[in-house]
Amino acid sequence: MTSSGTNARTKADGGGRDPASTAWELLLPVASAPARGRGRALQSALREAVRSGRLAPGTRLPSSRELAADLGVSRGLVTQAYEQLTAESYLRSGRGAGTWVSGSARAAAVGARDLAPRALGVRVDFRPGTPDLSLFPRSAWAAAHRSVLGRLPHRALGYPDPRGLPELRNALAALLTRRRGVVADPERLLICSGVAQATTLLGFVLHARGMHTVGVEDPGSPEHAAPFASAGMATAPVPLDNEGLAVEPLVRSGVRAVVTTPAHQFPTGVAYSAARRSRLLEWAREADGLVVEDDYDGDFRYDRAPVGALQGLDPERVAYTGSVSKSLAPGLRLGWLIAPADMTGELVDRKRTMDLGNPALDQAVLAGFMTSGGYDRQLRRCQRAYRERRDVLTRALAEHFPGTEVSGIAAGLHIIARLPERWGPEEEFAARAADAGIAVRLLRDYGTRRPADGCVRLVLGYAHLAPADILRGVRTLAACPRQNPC
């Protein structure tokens, strides 16, 4: 520091260290910055000092001449920095009155928090809904990314069609027609940020048409309520029986739209019977209603070919939704919606105002991945892994929890396990599991009804767990002390 700068600070507080002393030390690295970048470095350092509170409001800054001498830079560079920050309201100045820190700036929060769901303190997490993210095809995806970047025309990086890139809609329509029996017109197919956005879009359009309540399965996925609520719609629980959604309670509810998971009901694991599928479509025609089909894991059936989508039976009464969240990764935020023809225009308009369309590059990569056969290979890979893990889990339950009943079809990423009554009550079992570091979900967490008996009903996810972790988790659960040992 030069004597002039030191003297200036000494005079500011009668010989002691003035309030700006520490802040000036933060500015010293400016002197070592490249010559062309010193101006920007000084402005950034001053902004940060003000934002962080190191330069408090009302602090008088040294003259441009003094600060330039302290930092070993030109006076013009300091003058320009003062003028720029004064224009931005970080500083204030007056003729003959010097330059001061204004009171306009407020300290910003330090650092960014990660609010993504995390299983903290959990040894084995059996909660359902998560695929094995280690199966994501990194090499094949990277190759598709390089290929797409090499051939994508410049215009494709502009604002996309809000429905999605034509090449992705064509590829997806062909795949859904072939694998799920969907009536998939690419002109009516809308690329969304997952099923959550698809249901939100439907909620806005249904609400605009005068509907204020939508039916949901009971028990069912809790994820459906929030998107509809954001569109101003309430949800009405509709009970299930062993064939699927019970239609008579649906009729009595008075709703004209209902969300379903007919291929593999979540969480009970049943597949809607043929008779129930037909009756549900009859209700939609009679009520001038809409069935929203969430085909969340329809590709994963292990004992036979998967049942085709309900939408294929009546595409004008069923809105079909799906995503790559279970087959690739939820973090991609890529899904789709195929709605009745008379709703498509309204949905596209709403999608346009919501986000102007999904990222073009991500869509192009997924399209290339599908047309190259990579997506089919990924589905086969996941199916083999998940079938093996399901078998490991059911065998482990049979060995360590004798008398356990596993219900639902052999499909998807979770099972329903009904443990014998001696392992209950349910709340105590869940508490013992949590104490042992094993995360589980009770079936009762997904619905309004409570079982009449004292058995423990668990919804156990397995897709994201290695076989060794599945075995370790089941053994730990079985070893948990209980009040009424067998």
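The values are calculated or read from the model by the stated rules, or taken from the named source; none is laboratory data. Keep in mind that this is a model prediction, so the values were computed, not measured. Please note: Cβ atoms are built from the backbone with ideal geometry, for glycine as well, and neighbour counts cover all protein chains shown. Keep in mind that these areas ignore ligands, DNA and RNA; they rest on the heavy atoms of the full protein, side chains included. Shrake-Rupley method; radii C 1.70, N 1.55, O 1.52, S 1.80 Å.
Kindly establish whether Asp362 is acidic (Asp, Glu), under 28 Å from the mean Cα position of the chain (by Cα) and modelled with pLDDT of 95 or more. Don't jump to the end; show me each part of the working.
On the way: acidic (Asp, Glu): yes; under 28 Å from the mean Cα position of the chain (by Cα): yes; modelled with pLDDT of 95 or more: yes.
For Asp362, the condition - acidic (Asp, Glu), under 28 Å from the mean Cα position of the chain (by Cα) and modelled with pLDDT of 95 or more - is met.
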Residue in the stretch 15-42 that is modelled with the lowest pLDDT, counting only those that are crowded, with 16+ Cβ neighbours inside 10 Å and farther than 21 Å from Glu83 by Cα: Pro19
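Can you find a residue in the stretch 283-297 that is β-branched (Val, Ile, Thr) and within 19 Å of Val182 (Cα to Cα)?
Within the stretch 283-297, the first condition is being β-branched (Val, Ile, Thr), and the residues that meet it are 291-292.
Among the residues that remain, those that are also within 19 Å of Val182 (Cα to Cα) are: 291-292.
Scanning the stretch 283-297 turns up at least one residue that is β-branched (Val, Ile, Thr) and within 19 Å of Val182 (Cα to Cα).
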Residue, farthest from Gly373 (Cα to Cα), within the stretch 178-210, restricted to residues that are in contact (Cβ under 8 Å) with a residue 24 or more places away in the chain and touching a Lys or Arg at 6+ places or on another chain (Cβ under 6 Å): Phe204
Top-ranked residue in the stretch 296-323 [being modelled with pLDDT of 95 or more, small (Gly, Ala, Ser) and surrounded by 24 or more Cβ atoms within 10 Å (Cβ to Cβ); ranked as nearest to Leu206 (Cα to Cα)]: Ala319
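Which one is nearest to the chain's Cα centre (by Cα), of the residues in the stretch 25-81 that are in a helix (DSSP H, G or I) and among the basic types (Lys, Arg)? Lay out the reasoning, then the answer.
Step one: list which residues in the stretch 25-81 are in a helix (DSSP H, G or I), which gives 25-32, 35-52, 64-71, 75-81.
Subset that is among the basic types (Lys, Arg): 36, 38, 40, 47, 51, 65, 75.
Working: Arg36: 43, Arg38: 41, Arg40: 37, Arg47: 34, Arg51: 32, Arg65: 53, Arg75: 51 Å.
Step by step, filter the stretch 25-81, then rank; the result is Arg51.
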Residue in the stretch 467-484 that is closer than 29 Å to Asp297 by Cα, assigned to a strand (DSSP E or B) and modelled with pLDDT of 95 or more present: no
Scan of the stretch 82-107 for residues that are more than 46 Å from the chain's Cα centre (by Cα) and of a type in the set (Val, Ile, Thr), ordered by number: Thr99
Whichever residue in the stretch 124-148 is part of a helix (DSSP H, G or I) and of a type in the set (Lys, Arg) and, among such residues, is nearest to the chain's Cα centre (by Cα): Arg138
Some residue of the stretch 300-315 being more than 18 Å from Pro267 (Cβ to Cβ), touching a residue at least 12 places away in the same chain (Cβ under 8 Å) and aromatic (Phe, Trp, Tyr): no
Evaluation of Ala364 against (1) buried (at least 22 other Cβ atoms within 10 Å of the Cβ); (2) among the hydrophobic types (A, V, I, L, M, F, W, C); (3) without any contact (Cβ under 8 Å) to a residue 60 or more places away in the chain; (4) in a helix (DSSP H, G or I) (one fails), failing number: (3)
Some residue of the stretch 103-122 being within 30 Å of Ala417 (Cα to Cα), part of a helix (DSSP H, G or I) and free of Cβ contacts under 8 Å to residues at least 24 places away in the same chain: no
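Within the bounds of the stretch 284-292, is there any residue that is part of a loop (DSSP other than H, G, I, E, B), open to solvent by less than 60 Å² (accessible area, probe 1.4 Å) and touching a Ser or Thr at 6+ places or on another chain (Cβ under 8 Å)? So that I can check it myself, show each step before the final result.
Going residue by residue through the stretch 284-292, those that are part of a loop (DSSP other than H, G, I, E, B) are 287-289.
Filter again for open to solvent by less than 60 Å² (accessible area, probe 1.4 Å), leaving 287, 289.
Within this subset, residues satisfying the condition of being touching a Ser or Thr at 6+ places or on another chain (Cβ under 8 Å) are none.
No, the conditions are met nowhere in the stretch 284-292.
Out of everything in the stretch 138-148 that is in contact with a helix residue (DSSP H, G or I) (Cβ under 9 Å, 6 or more places away or on another chain) and open to solvent by 50 Å² or more (accessible area, probe 1.4 Å), what residue ends up being nearest to Arg333 (Cα to Cα)? Can you show your working first?
As a first pass, look at the stretch 138-148 and keep what is in contact with a helix residue (DSSP H, G or I) (Cβ under 9 Å, 6 or more places away or on another chain): 140-141, 143-145, 147-148.
Remaining after also requiring open to solvent by 50 Å² or more (accessible area, probe 1.4 Å): 145, 147.
Values: His145: 16, Ser147: 21 Å.
Out of the qualifying residues, it is His145.
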Matching entry among Ala108, Ala81, Ala68 (being under 21 Å from Arg40 (Cβ atoms), surrounded by 14 or more Cβ atoms within 10 Å (Cβ to Cβ) and at pLDDT below 90): Ala68
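Thr371 - would you say it is polar (S, T, N, Q), surrounded by fewer than 18 Cβ atoms within 10 Å (Cβ to Cβ) and without any contact (Cβ under 8 Å) to a residue 60 or more places away in the chain? Spell out the reasoning first.
Details: polar (S, T, N, Q): yes; surrounded by fewer than 18 Cβ atoms within 10 Å (Cβ to Cβ): yes; without any contact (Cβ under 8 Å) to a residue 60 or more places away in the chain: no.
For Thr371, the condition - polar (S, T, N, Q), surrounded by fewer than 18 Cβ atoms within 10 Å (Cβ to Cβ) and without any contact (Cβ under 8 Å) to a residue 60 or more places away in the chain - is not met.
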Of all residues in the stretch 149-198 being charged (D, E, K, R) and part of a loop (DSSP other than H, G, I, E, B), the one that is most open to solvent (accessible area, probe 1.4 Å): Asp185
